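The values are calculated or read from the model by the stated rules, or taken from the named source; none is laboratory data. No experiment lies behind these values; they were computed from the predicted model shown. Here the Cβ positions follow ideal geometry from the backbone for every residue, glycine too, while neighbour counts run over all protein chains shown.
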Amino acid sequence: MSSSLVDRVRERLAAESGPLRPGLVAEAIRAESGGVLGDTEVLTNLRVLQTELTGAGPLEPLLRAPDTTDVLVVAPDSVWCDQGNGLQRSAVRFPDEDAVRRLAQRLALAAGRRLDDAQPWVDAVLPGPGGGAVAVRLHAVLPPVAAAGTCISLRVLRPAALTLAGLAAIGAVPPQAEQLLRDVVAARLAYLVSGGTGAGKTTLLAAMLGAVDPGERIVCVEDAAELRPAHPHVVRLVARGANVEGTGEITLRQLVRQALRMRPDRIVVGEVRGVEVVDLLAALNTGHDGGAGTVHANSTSEVPARLEALAATGGLDRAALHSQLAAAVQVLLHVDRVGGRRRLAEIALLRRAGASALCEPVTVWHADREWGGGRTQFRELLAGRCVP
């Protein structure tokens with residue numbers, strides 16, 4: 001199929017307001033080719049155009065692969081994919097920079113966002129490959145902001161549905177740590193799961209929520225719908241970005257406030273990434289024991305500083321943040337990725353540090369060092385909540 005025919009068909013279809021059904025695309029091919037193509041040629045060209053004009057184009061096969069977590073386009077001839085063993089260069093190639101730019105703009109439009117010279121970046125969530133239930137987070141940047149050419153980052157947001165037993169079975173959580181996690185849930189201790197990008201924070205959080213008593217009501221607030229714990233009573237609230245007119249945004253902070261009015265037994269924030277940390281800590285200090293969330297951090301020792309930075313954007317100073325944190329959160333769980341394998345790396349208690357009154361983590365269990373100095377304190381905390 002010639003590039004000129006692709007361009008003519010694309011221009012014809014751009015005027016269509018409805019979905020690009022196969023019959024509509026085939027009709028456009030016949031019209032732009034002057035009616036000289038037979039049924040076989042039309043079918044072949046239809047497949048080419050469906051790849052070009054719908055879905056994620058040449059990236060679609062990578063996104064459909066069951067193990068894919070990330071697909072990154074750095075240049076027309078540089079497409080990288082993470083399928084569980086770190087980033088590796090794929091065989092996918094684009095004809096030129098214009099093809100990458102067109103794909104980025106089409107994906108942005110599919111998410112109801114704009115991407116052009118006036119708005120050279122986009123951060124949005126797309127429906128899953130082939131219209132499936134799995135969502136895809138899109139981030140794209142156009143030149144001249146992206147100096148070397150259009151960059152596209154796609155993260156496949158697979159539903160986190162593994163149980164604690166399932167994580168133990170694949171070696172992500174050792175047996176002794178699994179029991180500690182069950183104790184945290186049973187004692188209704190509030191906890192934060194920390195870790196880097198792709199380390200498995202959401203997976204561990206969903207597994208722990210699946211261990212919550214079936215009689216409890218869980219309200220989850222997320223930026224993108226990832227949490228699907230094996231629990232019979234879960235309410236999921238999902239934030240929404242602004243549309244192309246810049247209106248209609250619903251933030252995590254707004255949803256946390258709404259969650260408080262929904263009679264929750266446990267409030268969960270899928271990822272604490274901004275001012276919503278203020279509302280989450282306030283919620284955990286109003287009788288909602290056992291709440292949870294995730295936060296980006298390189299270790300448990302860095303979590304307080306990370307929360308300080310986030311709380312500052314919400315007008316909460318350092319002293320107030322640590323006062324709220326000490327009363328709201330008891331446990332920190334850290335996950336990391338070693339050699340491509342995700343694992344639970346540390347369980348720590350969050351305690352005030354002497355005269356400074358600042359919170360600092362005390363290790364209960366560590367994947368490399370086994371038991372830490374916080375083990376006795378952890379047992380006392382469990383006993384105080386009638387958990388043996």
Inset, instruction - Look at Val269 and say whether it is aliphatic (A, V, I, L, M) and closer than 20 Å to Asn285 by Cα. - result: yes
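Could you grab me the full set of residues in the stretch 264-318 that are of a type in the set (S, T, N, Q), in a helix (DSSP H, G or I) and either under 17 Å from Met208 (Cβ atoms) or under 22 Å from the mean Cα position of the chain (by Cα) (or both)?
Thr300
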Legend entry - Candidates Arg106, Arg137, Arg93, Arg89, filtered to the one that is surrounded by fewer than 19 Cβ atoms within 10 Å (Cβ to Cβ), within 15 Å of Leu154 (Cα to Cα) and modelled with pLDDT of 90 or more: Arg89
Legend entry - Matching helices (runs of 4 or more DSSP H) fully within the stretch 164-251 where at least 2 residues are among the charged types (D, E, K, R): 175-186
Legend entry - Those residues of the stretch 356-374 which are more than 23 Å from Arg341 (Cβ to Cβ) and either crowded, with 17+ Cβ neighbours inside 10 Å or in contact (Cβ under 8 Å) with a residue 60 or more places away in the chain (or both), in sequence order: Leu358, Cys359, Glu360, Pro361, Val362, Gly374
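When the stretch 63-94 is examined, which residues are found to be among the β-branched types (Val, Ile, Thr) and part of a loop (DSSP other than H, G, I, E, B)? Spell out how you get there, then give the answer.
If we filter the stretch 63-94 for residues that are among the β-branched types (Val, Ile, Thr), which is where we start, we get 68-69, 71, 73-74, 79, 92.
Those that are among the β-branched types (Val, Ile, Thr) and part of a loop (DSSP other than H, G, I, E, B): Thr68, Thr69, Val92.
What strands (runs of 3 or more DSSP E) lie completely within the stretch 319-388 and have 3 or more residues being in the same structural domain as Glu271 (by TED's automatic domain parsing) and more than 28 Å from Gly86 (Cα to Cα)? Outline the logic, then answer.
Values: elements: 331-338, 341-353, 358-366.
Where strands (runs of 3 or more DSSP E) fall fully within the stretch 319-388 and carry at least 3 residues being in the same structural domain as Glu271 (by TED's automatic domain parsing) and more than 28 Å from Gly86 (Cα to Cα), they are 341-353, 358-366.
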Inset, instruction - Mind telling me which of the residues Ala311, Ala297, Ala292 ends up being more than 26 Å from Ala186 (Cβ to Cβ), in contact with a helix residue (DSSP H, G or I) (Cβ under 9 Å, 6 or more places away or on another chain), at pLDDT 85 or above and not β-branched (Val, Ile, Thr)? - result: Ala311
Inset, instruction - Taking Asp123 as meeting all but one of (1) over 17 Å from the mean Cα position of the chain (by Cα); (2) in contact (Cβ under 8 Å) with a residue 60 or more places away in the chain, write down the number of the exception. - result: (1)
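Would you confirm, using the coordinates I've provided, whether Gln324 is out of contact with any strand residue (DSSP E or B) (no Cβ under 9 Å at 6 or more places or on another chain), among the polar types (S, T, N, Q), under 23 Å from Leu252 (Cα atoms) and buried (at least 17 other Cβ atoms within 10 Å of the Cβ)? So that I can check it myself, show each step before the final result.
On the way: out of contact with any strand residue (DSSP E or B) (no Cβ under 9 Å at 6 or more places or on another chain): yes; among the polar types (S, T, N, Q): yes; under 23 Å from Leu252 (Cα atoms): yes; buried (at least 17 other Cβ atoms within 10 Å of the Cβ): yes.
Criteria met by Gln324.
Do the conditions hold for Val244, that is, is it within 17 Å of the chain's Cα centre (by Cα), among the β-branched types (Val, Ile, Thr) and modelled with pLDDT under 95? Steps first, please.
Values: within 17 Å of the chain's Cα centre (by Cα): no; among the β-branched types (Val, Ile, Thr): yes; modelled with pLDDT under 95: yes.
The answer is no for Val244.
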Legend entry - Set Arg375, Arg369, Arg352, Arg341: member being under 15 Å from Leu181 (Cβ atoms) and among the basic types (Lys, Arg): Arg375
Inset, instruction - Tell me which of these Ala353 doesn't satisfy, since it passes every other one: (1) surrounded by 12 or more Cβ atoms within 10 Å (Cβ to Cβ); (2) farther than 19 Å from Ala199 by Cβ; (3) in contact with a helix residue (DSSP H, G or I) (Cβ under 7 Å, 6 or more places away or on another chain). - result: (3)
Legend entry - Among (1) touching a helix residue (DSSP H, G or I) at 6+ places or on another chain (Cβ under 9 Å); (2) free of Cβ contacts under 8 Å to residues at least 24 places away in the same chain - the single one Thr247 does not satisfy: (1)
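Table: residues versus (1) free of Cβ contacts under 8 Å to residues at least 12 places away in the same chain; (2) within 22 Å of Glu370 (Cα to Cα).
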{"residue": "Gln179", "(1), (2)": "yes, yes"}
{"residue": "Val193", "(1), (2)": "no, yes"}
{"residue": "Thr202", "(1), (2)": "no, no"}
{"residue": "Ala206", "(1), (2)": "no, no"}
{"residue": "Val212", "(1), (2)": "no, no"}
{"residue": "Met262", "(1), (2)": "no, no"}
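Against the definition (more than 28 Å from Glu302 (Cα to Cα), touching a Leu at 6+ places or on another chain (Cβ under 9 Å) and touching a residue at least 24 places away in the same chain (Cβ under 8 Å)), how does Val234 come out, yes or no?
On the way: more than 28 Å from Glu302 (Cα to Cα): yes; touching a Leu at 6+ places or on another chain (Cβ under 9 Å): yes; touching a residue at least 24 places away in the same chain (Cβ under 8 Å): yes.
Here the answer is yes, as Val234 does meet what is asked.
Restricting attention to the stretch 237-263, and to residues there that are small (Gly, Ala, Ser) and touching a Leu at 6+ places or on another chain (Cβ under 9 Å), which single residue is farthest from Ala111 (Cα to Cα)? Step through it out loud before you land on a result.
At the first step, the residues of the stretch 237-263 found to be small (Gly, Ala, Ser) are 239, 241-242, 246, 248, 259.
Keeping just the survivors that are touching a Leu at 6+ places or on another chain (Cβ under 9 Å) gives 239, 259.
Working: Ala239: 14, Ala259: 26 Å.
My answer is Ala259.
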